[in-house]
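Since every read-out is calculated from the coordinates, none of them should be taken as a lab result. Predicted model only: the values in this text are computed from it and were never measured. Don't worry about glycine lacking a Cβ; one is built from the backbone with ideal geometry, like all the others, and counts go over all protein chains shown.
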Amino acid sequence: MKTNSAVLHLKTREPQKVYNLGGRVHTNMVANISVFKTPDPTVEELGTELVKLDIAIKAKDGSKVKAQAVLDQTDIVFSILKSLLIYVNKVADGDITIILQSGFDCNSEPVQHDVPAKALIKRIEDGSTACSAKIYMGALADADRYKVETTTTPDDTESWETALDFGSLNRLEIKDMVAAQKIYIRVSGGNTHGWGPASEPVAFIPR
């Protein structure tokens, strides 16, 4: 699926250019707070670090110490912008109008966004309570959510039921299963563009 995407059009971390972009993003996101309700990091944090960068740039006098302070503060602001870029893209979900409201640039051409690759379950252990299972798996690139499905008849594609939706990698635990009943578990990684292929089923007997 192709969609628009917010981008960082900064080829280098030149302090003044980072400051200018940061100021534009800060102004736009404050003006459109009804659209960007829960930015992470917060707009206030961006504003605070922008003030520090502005002070550092103005205090630069040729000394190595002050020059390094500018570079260090530039890195902090740039890091915040990268995190806000991810947030904006999640909120916009490809909507060019929302992207431009954020103050970020929009890519000139729609780009291909892929769903995560096939998941792989490493192991399954007893969970924190009776008849529960804790699932361990490796992180998937581009995945920001995980789905756990179960069945007693893995060859029946219609029998798989969702036991956990939008789970985090560190909290893949399903509960309230039937004791001593053999079940099969599979996991998929997903993002705003869809769910990737499910892992191979792994058998587990709750107790």
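One table, with the values for the structure above:
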| item | result |
| --- | --- |
| Kirkwood Rh in Å, taken over all unlike Cα pairs in the range 2-112 | 14.4 Å |
| Inter-centroid distance (Cα atoms) of the range 20-56 relative to the range 178-207, Å | 41 Å |
| Cα-Cα over 24 Å, subset of LYS17/LYS58; LYS52/LYS90; LYS82/LYS147; LYS17/LYS66 | LYS52/LYS90; LYS82/LYS147 |
| Using θ = phi - 60° and Karplus 6.51 cos²θ - 1.76 cosθ + 1.60, couplings along the range 158-169 (whole Hz; Gly, Pro as x) | 7, 8, 5, 10, 6, 9, 8, 10, 6, x, 8, 4 |
| Whole-number percent relative contact order across the chain, with pairs defined as alpha carbons under 8 Å at least 6 apart | 22 percent |
| Structure-derived Rg/Rh (Cα atoms, Kirkwood Rh) - corresponding label in [x] 1.14; [y] 0.95; [z] 0.93 | [x] |
| Point-charge dipole on Cβ atoms (K/R +1, D/E -1) for the chain, about Cα centre, debye to 20 | 680 debye |
| Of the trypsin sites (Lys or Arg not before Pro) in the range 19-65, those whose Cβ has at most 15 other Cβ within 10 Å and which sit in DSSP loop | LYS37, LYS60 |
| Nearest 10 degrees, 0 to 90: helix 15-31 Cα axis against the chain principal axis | 70 degrees |
